[in-house]
Amino acid sequence: MNKALIIGSGLGAMTTAMRLASRGYKVQMVEKHHQPGGRLNQLKKDGFTFDLGPTFFSMTYEFEEFRKDVGLEKLPFTFRDLDVLYSVNFRGSDKRYVIYRDLDKLAEEFEEVEPNFREKMDKFLTSAGKFFHDTEYLVLKRNYDSLFQYLMTLLRVPVKYSPKLLRSVWSEMERHFESREVKEIFSLVAFFLGATPFDTPAIYTILSYTELVHDGYHNVVGGMYKIVDGLKKELDKAGVEMHFNTEIVDYKQSNGEITAMVDQNGNEWEADLFVVNADAAWFRHQIFKRKKFDEPKMDKLKWTLAPFTMYLGLDTKLPDHVPLHNYFLGDNFKEYSGKIFKNAIKLEKPYYYVNVVSKSDPESAPEGCESVFVLCPVPDMRFKPDWSDREEVANSIIDDISKRIGVDVSKHIVSKTVMTPVEWRDDFNLYKGSGLGLGHDLDQIGGFRPKNYDEKFGNVFYVGASTVPGTGLPMAVISSKLVTERITKKYGSVHT
């Protein structure tokens, strides 16, 4: 019992493969895409290089835990701390708020709109930090064998935190701050989870603590895809085989266990155990055809917003007031947040994020040029199945960027790639194009989330964003730790 097949090659899959290989398992990986990485992918086009999805992250110590666990002397990529986390501009204003990790500098940014900002922020971050440290190991970094076990664990959370379970991120902001600008900017953490601050539990204000105090934000020297490149080299050394353009569409079973997964060409991939890095709910729905995960039930689940992304190569440099990470917000935050999920508001004045990749890694663009990544959270395909207006939406965003930064971006585009929820769905098997999988409502986290072991087949396990503990790069690394613990608890290590 030592041959494992991993379906998918996202960060959760790659770190799981390394963990299992280090324990003596013979590991193979199959991937639908033409290269590894899942949503942590890369686009190269017309001399420009873009990170396809994530552009920064926190909790780097989870990568350190992984490094030690698999016996690497050092990680095969290099983190870079971000002192300027991002800038924020509101429509109709020339003011750009720069979000520094340095709290004294940060306080100066908001002294005009939020009296006693530093004192208020310290109180807010202290509250978030205490909650984080009291629950990180108790609730977040552990497996659950039943819903009852999860609920019993929650009972061990100090009762003083109960209000955070009932309040939203926005409600928590209103308890600490007065100005619209501060509340809107520091509730953007909810959008990192693919939701809005009005429907995200206040417990996720811990993200503000991790970004400003605990670990900060980081990217990777040479681009985020260096994580994938580095892990791929280590997997090669460990003897892990990786097969691309291979999509699993069916399976073979016997006596309550899977004996083989079947790809689009009818090839059977046999193994003793299987780890699924495809979306845990989608795989149960699409491949296993589970009634609990049929389309009507899937549609009733709470999914994260879908990505509308653009990858622009510009033949000019952008001004200094456009840093590496930028958020461009409107003037109708509550209305926009309340309507964007269900396609009840037009995308003529969208809220979006811009990453100027070449500000951090100049080699991502030809000399004198910029590589620009734009992400606009949009409704998933349950609410907006038709994206024939893709160019209209893209142009409205480009026009808006141009007005905000004082550069006519449209005149400088020499490379342009647009991905709507349709492409994200088709390329990465994301249910209805939902960008980050299942949402993080209280009834979809912890023991309520799709389990990282299969309900029917005893040798099938899951890793990634839609199982425990949730979405994000560090969460994927934790997920690999949890699923490896579950596998080795059942099968042991296989060292020879």
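Computed from the coordinates by the stated procedures, all read-outs in this text should not be read as laboratory data. Quick caveat, the model's predicted, so the values are computed rather than measured. Here the Cβ is made from the backbone with ideal geometry for all residues, glycine too, and neighbour counts use every protein chain on show.
What percent do you get for the relative contact order of segment 121-213 when only Cα pairs under 8 Å and 6+ apart count?
Worked out over segment 121-213, it gives 37 percent.
Compute the relative contact order of segment 293-390 as a whole-number percentage, counting only Cα pairs closer than 8 Å that sit 6 or more residues apart in sequence.
Reported as a whole number, the value is 40 percent.
According to the Cα gyration tensor, what semi-axes, each the square root of 5 times an eigenvalue, does the equivalent ellipsoid of segment 351-413 have, listed from largest to smallest in whole Å?
Those come to 25, 14, 10 Å.
Report Rg(Cα)/(2.2 N^0.38 Å) for segment 279-411, keeping two decimals.
1.28
How charged is the neighbourhood of R425? Take every other residue with its Cβ under 10 Å from the Cβ of R425, and add Lys/Arg as +1 and Asp/Glu as -1.
My count for the surroundings of R425 gives -3.
Loop-only trypsin sites (Lys or Arg not before Pro) in segment 264-333, please: DSSP not H, G, I, E or B, and at most 11 other Cβ atoms within 10 Å.
Of the trypsin sites (Lys or Arg not before Pro), the ones in loops of segment 264-333 whose Cβ has at most 11 other Cβ atoms within 10 Å are K289.
Among P76, L43, F63, pick out the residue whose Cα is farthest towards the positive end of the charge dipole of segment 38-93, where Lys and Arg carry +1 and Asp and Glu carry -1 on C-beta, about the Cα centre.
Sorting the options by dipole projection puts first L43.
Between V98 and K44, how many nm apart are label points set 7 Å from Cα along the C-beta direction?
Spacing of the two 7 Å Cα→Cβ label points: 3.4 nm.
Report the label-to-label distance for N332 and L72 in nanometres (one decimal), using points 7 Å from each Cα along the Cα→Cβ vector.
Label-label distance for N332 and L72, simple model: 4.6 nm.
Mind checking the dipole of the chain: about its Cα centre, +1 per Lys or Arg Cβ, -1 per Asp or Glu Cβ, Debye to the nearest 20?
Here the chain has a charge dipole of around 1560 debye.
Using the Cα centre as the reference, give the magnitude of the dipole from point charges on the C-beta atoms of segment 55-132 (Lys, Arg: +1; Asp, Glu: -1; all else neutral), rounded to the nearest 20 debye.
The dipole of segment 55-132 has a size of about 220 debye.
For segment 81-127 and segment 171-216, what is the separation of their C-alpha centers, rounded to whole Å?
With segment 81-127 and segment 171-216 each reduced to a Cα centre, they are spaced 13 Å.
Please get the size of the charge dipole for segment 121-213, origin at its Cα centre, with Cβ charges of +1 on Lys and Arg and -1 on Asp and Glu, quoted in debye to the nearest 20.
Using only the charged Cβ atoms, the result is roughly 320 debye.
For a quick check of your reading of the filter: which trypsin sites (Lys or Arg not before Pro) in segment 339-430 sit in a DSSP loop and have no more than 14 other Cβ atoms within 10 Å?
Those that pass, being in a loop and sparsely packed, are K342, K346.
When the Kirkwood radius is taken over all Cα pairs of the chain, what Stokes-Einstein diffusion coefficient follows at 37 °C and 0.692 mPa s, in µm²/s?
141
With N residues in segment 165-224, what two-decimal value do you get for its Cα radius of gyration over 2.2 N^0.38 Å?
Dividing the Cα Rg of segment 165-224 by 2.2 N^0.38 Å gives 1.21.
Please compute the contact order of the chain in relative form: average sequence separation of alpha-carbon pairs under 8 Å and at least six residues apart, divided by the residue count, as a percent.
Result for the chain is 24 percent.
Indicate the gyration tensor shape class of segment 368-496 (rounded, prolate or oblate), computed on the Cα atoms with a ≥ b ≥ c the square roots of the eigenvalues: a/c under 1.5 is rounded; otherwise a/b larger than b/c is prolate and the rest oblate.
prolate
Place +1 on the Cβ of every Lys and Arg and -1 on the Cβ of every Asp and Glu in the chain, take the dipole about the Cα centre, and give the residue among Y311, V98, L207 whose Cα lies farthest towards its positive end.
Looking along the dipole axis, the top candidate is L207.
Take the alpha carbon gyration tensor of segment 1-65, find the square roots of its eigenvalues, order them as a ≥ b ≥ c, and report rounded if a/c is under 1.5; if not, report prolate when a/b exceeds b/c, else oblate.
oblate
Would you grab the residues whose amide H sits under 5 Å from the one on I6? Only those 5+ places off in sequence or on another chain, please, with H modelled 1.01 Å from N.
Amide H to amide H, under 5 Å and 5 or more residues apart or across chains, I6 pairs with Q28, M29, V30, V275.
What translational diffusion coefficient, in µm²/s and rounded to a whole number, does the Stokes-Einstein relation yield for segment 121-213 at 20 °C and a viscosity of 1.002 mPa s, taking the hydrodynamic radius as the Kirkwood radius over Cα pairs?
For the chosen part, D equals 155 µm²/s.
Starting from segment 44-92, pick out the trypsin sites (Lys or Arg not before Pro) whose DSSP state is loop and whose Cβ has at most 15 other Cβ atoms within 10 Å.
K74, R91
Just to be sure I understand: of the beta bridges DSSP finds with both ends in the chain, what percent are antiparallel, rounded to 5?
Roughly 70 percent of the beta bridges in the chain run antiparallel, per DSSP.
Pop the C-beta distance of D389 and F79 into the FRET formula with R0 = 35 Å and round what comes out to the nearest 0.05.
0.35
Based on DSSP loop calls and a cut-off of at most 16 other Cβ atoms within 10 Å, the longest stretch of the chain free of exposed GluC sites (Glu not before Pro) is what?
Of all site-free stretches, the longest is 248-347.
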